[in-house]
Every structure is written in C-alpha cells, then in structure tokens.
Amino acid sequence: SYFVKYAIDQNWINEPARVGIGILAGTILLGFAHRLRTDFKAFSSVLVAGAISVFYFTIAIAFHEYHLFSQTVAFVIMVVITIFSCLISISYNRLELAILSMIGGFAVPFMLSTGEGNYVVLFTYLAILNVGILAIGFFKNWKPLKILAFLFTFLIYGAWFFKEYYWYSDMPHFGAWVFALIFYLIFVGISFISQIRDKTAFKPIDLGLLMLNTALFYIFSM
C-alpha cells in the first residue's frame, strides 16, 4: 500500500492504472469473501461490503478527479454495481448487504452530481431503484430495507420540493405531483407485496408505513 501510494505521488502510475488498481483491489476482496461465505458468513459480508464500497468510490474518483468517464457512463457503471450488490445480498441472504446496496444506490446521484439539478433524471433513477427494492421484497421480507428506502426517498424528494417551492418559487407543479404519485404507488406495492405473497396479516409497522406514505402523498399533492 505504501509503495502504491508513493508510486502514485511520484506519477509512476497513471490515472487509468490507478482506477484499475482500485477495481482489482475490490475484485480480490470480493473473491476472498466468496471463499469464506460458508464458514464465516458475517466476516464474508463485511468483506463484500468493503469490495462494493471500493467499486463505488473508484468509479466516483475516476469521474470527478480523473475525468476518465462521461457522467452517463459512470452512472451506468454505478447502476450495474448497485444491481450486482442487490443480487449478491439475496444470494448471501444477508440484510446488511442489502442495506449497504441500497445506501450505495441512493448515494450514486450525489457521487456523480455536477450541480445541474435535473429533477427528472434524479427522480426517475430513484423510482427505478425503489422498483428494485420492491422486487427484493418479493423474495425477502426485510422490513428495515423498506423503511430506510421510504425515508431516503421522501427525504430527498422533500428537500427538493421545499427548496423549489420556498427558496426558488419555481416549482414544476405537474412534474412534482407525477413523481409523488409514482413514489406513492411504489411504496403501496412495497407495503403489500409480502402480505400478498405469504398471505399474512398486516403488522403495525406495515400499517404505519402505509398510513405515513398516504399522508405524505396527500400533503405534497395539496
């Protein structure tokens, strides 16, 4: 590690090679974690989490610092990383990996932000991400994942909403309502999917999420 840092400081290793080293390091971590997945499940999950973090930050640095990718290419790569981490969390049956994947997924727009503030792109991406979480909910009834996805989505949407409405007074009303409706319907689906699949009754936390979702949609709509 010291040698690599020294070599980078001396410009012996160029920028594409630095990105390659980051990807290689993440791949080695991932391979090591895969070898340990049977006997050391928790430790293996930690290593997978580390590998995914390395991938995210490597691509973010390659985009922001080295300008090796366009924003579109970097965005597509990070979406692939997010999909991969969701699949591996289902395969490993580890909630913490799914949560890490979700946090990484919600962080992607901010890691690749250039300050342009295109709300259509941002909310379309969030809608796709939440549909993925809806799909995970069909296989795994992970309530913390649903709750965190709900909180992150409406914190991001709410921050944008009140900034546009109160600070800039330039609210695109119809677009704002359409995305509020899309998020509302997705989270209604997330609330119902486990109960429909398992034919079980709603628990208080499920009802609470459904009621809060409905209340927020009503507030934003008004």
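The values are calculated or read from the model by the stated rules, or taken from the named source; none is laboratory data. These figures come from a predicted structure and were not determined experimentally. For neighbour counting, all protein chains shown are included, and Cβ atoms are generated from backbone atoms with ideal geometry for every residue, glycine included. Keep in mind that these areas ignore ligands, DNA and RNA; they rest on the heavy atoms of the full protein, side chains included. Shrake-Rupley method; radii C 1.70, N 1.55, O 1.52, S 1.80 Å.
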> Which of the helices (runs of 4 or more DSSP H) contained wholly in segment 131-222 include at least 2 residues that are under 18 Å from the mean Cα position of the chain (by Cα) and β-branched (Val, Ile, Thr)?
Replying inline: 143-162, 173-198
>> Which of the helices (runs of 4 or more DSSP H) found entirely inside segment 1-90 contain at least 1 residues meeting this: open to solvent by less than 70 Å² (accessible area, probe 1.4 Å), closer than 26 Å to ALA135 by Cα and without any contact (Cβ under 8 Å) to a residue 60 or more places away in the chain?
In response: 15-36, 41-64
> From the residues in segment 91-111 that are open to solvent by less than 30 Å² (accessible area, probe 1.4 Å) and either touching a Phe, Trp or Tyr at 6+ places or on another chain (Cβ under 8 Å) or in contact (Cβ under 8 Å) with a residue 60 or more places away in the chain (or both), which one is nearest to PHE154 (Cα to Cα)?
Replying inline: PHE106
>> Under 9 Å between Cβ atoms, which residue pairs at least 6 apart in sequence (or on different chains) link something in segment 189-216 that is without any contact (Cβ under 8 Å) to a residue 12 or more places away in the chain with a partner that is small (Gly, Ala, Ser)?
In response: GLN195/ALA201; THR200/SER194; PHE202/SER191; LEU207/SER191
>> Consider segment 160-180. How many of its residues are at pLDDT 90 or above and either open to solvent by 50 Å² or more (accessible area, probe 1.4 Å) or among the polar types (S, T, N, Q) (or both)?
In response: 2
> Looking at (1) farther than 21 Å from PRO16 by Cα; (2) at pLDDT below 80; (3) crowded, with 16+ Cβ neighbours inside 10 Å, which is the one condition that is false for THR114?
Replying inline: (3)
